[in-house]
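Worksheet: one structure, shown below.
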Amino acid sequence: MTDDQNRDDQPVIMPHTYDGIQEYDQSLPNWWLFTLFGSMAFAFLYWMACFVTGTVADDRVALNVELDALEARQLAAVKNLDDGTLWKMSRNAQTVAEGQAIYHSLCFTCHAPNLAGMKGLGFRLNDDLWVHGNTPTAIFTGISEGITFEGKPTGMAAQKVLGTSRIAAVTAFLLSKQKEGSMKTILRKDEPSQQSP
Ligand code: HEC
């Protein structure tokens, strides 16, 4: 080894001194650079996946779905359904989704897919005007027991076979379109869906 080579191998010391500390002019080791740039790349991908594209589900969303399911099960197990419980069900996404599915398999033929009612068939269910009772329990009972008018059965037959929890779910679906405290009663002859246009 010559003297020259020896000198090149010596670490170069930078000219500055801070607080008596001197610094070598060396490039950073590759493993260190790899960790630095790797963590930057990871942070970028993590940010994209969780906050921009939403590829990875937010924990809070998953948690809310779980809590919703838990509440739906608790509400379905309530023995004495009252107005308060039915309103609560109408704010539970899973119960409402279940009720919506029931509506679109059994009720839409007479009440229309958009709940607007059909002349000569089912009444309108998406406005705040109710003929057979303007409370959640009245709606529940109408669906469960069927509706009579002046002692005669109407086209609205009893749906008791569905069982309490499914009738409650479809009631909750109807209530999800309503505002608590603003449902009104009207006379049967005034039902808008049955009027001539
Ligand atoms: C065969 C047709 C038919 C089907 C199917 C039907 N309904 Fe009805 N529904 C009616 C008719 C007709 C009335 C109006 C009763 C009357 O003449 O007073 C009515 C009334 C109602 C009312 C009362 C509306 C008010 O203004 O008070 C509700 C609530 C209701 N139906 C919900 C349902 C639900 C929920 C389903 C599905 C599970 C359903 N109906 C299925 C025909 C039907």
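Observations on the structure shown:
- Using a Förster distance of 22 Å, the FRET efficiency for Val161-Lys79 (Cβ separation, nearest 0.05): 0.65
- Taking the square roots of five times each eigenvalue of the Cα gyration tensor of the range 52-154, the equivalent ellipsoid has semi-axes of 32, 18, 11 Å, listed largest first.
- Remark on the range 99-197: ratio of C-alpha radius of gyration to 2.2 N^0.38 Å is 0.99.
- Dipole magnitude (debye, nearest 20) for the range 21-132, charges at Cβ of Lys, Arg, Asp, Glu: 600
- Per-residue ellipticity at 222 nm from helix content only, as computed over the chain with -39500 (n - 2.57) for each DSSP H run of at least four residues, stands at -13500 deg cm²/dmol.
- Each residue of the range 175-189 is assigned a 3J(HN,Hα), and the resulting list reads 5, 5, 8, 10, 9, 4, x, 10, 8, 10, 9, 10, 6, 4, 5 Hz, derived from the Karplus form 6.51 cos²θ - 1.76 cosθ + 1.60 (θ = phi - 60°), x at Gly and Pro.
- For the chain, a crude dipole built from +1 on the beta carbon of Lys and Arg and -1 on the beta carbon of Asp and Glu, taken about the Cα centre, is about 2240 debye to the nearest 20.
- Charge dipole magnitude, Cβ of K and R +1, D and E -1 - the range 3-52, Cα centre, debye nearest 20: 460
- Under Karplus coefficients 6.51, -1.76 and 1.60, residue-wise ³J(HN,Hα) of the range 163-168 in Hz, glycine/proline x: x, 3, 5, 6, 5, 4
- Close amide H partners of Glu23, meaning residues 5 or more places away or on another chain with modelled amide H under 5 Å apart, are Met14.
- Computed log10 I(q)/I(0) for the chain at 0.11, 0.13, 0.18 Å⁻¹: -0.66, -0.81, -1.20, from the Debye equation with unit scatterers placed on every C-alpha and solvent omitted.
- The packing ranking, built from the mean of other Cβ atoms within 10 Å per residue, places the peptides 53-62, 159-168, 17-26 in the order 159-168, 53-62, 17-26, highest first.
- Once backbone amide H atoms are built at 1.01 Å from N, Met156 has Ile147 as its partners under 5 Å, excluding neighbours fewer than 5 places away on the same chain.
- C-alpha long axis of helix 93-102 to longest principal axis of the chain, angle in °: 50
- Close amide-amide hydrogen proximity is noted between Thr185 and Trp130, each under 5 Å apart and 5 or more residues distant or on a separate chain (H modeled in the peptide plane; Pro and chain starts excluded).
- Sequence-ordered 3J(HN,Hα) estimates for the range 120-127 from the Karplus curve with 6.51, -1.76 and 1.60 and θ = phi - 60° stand at x, 10, x, 6, 5, 10, 9, 9 Hz, glycine and proline given as x.
- Only lysine pairs 8 or more places apart or on separate chains count here, and in the chain those with Cα atoms under 28 Å apart total 24.
- Peptides 84-94, 100-110, ordered by how many other C-beta atoms sit within 10 Å of their residues on average, highest first, read 84-94, 100-110.
- Restricting the calculation to Cα atoms, every distinct pair contributes to the Kirkwood radius of the range 3-52, found to be 14.4 Å.
None of the figures in this text is laboratory data; all of them are computed from the coordinates on show. All figures in this text were calculated on a predicted structure; none of them were measured in a lab. A quick note on method: Cβ atoms are made from the backbone with ideal geometry, for glycine too, and the neighbour counts reach across all protein chains shown.
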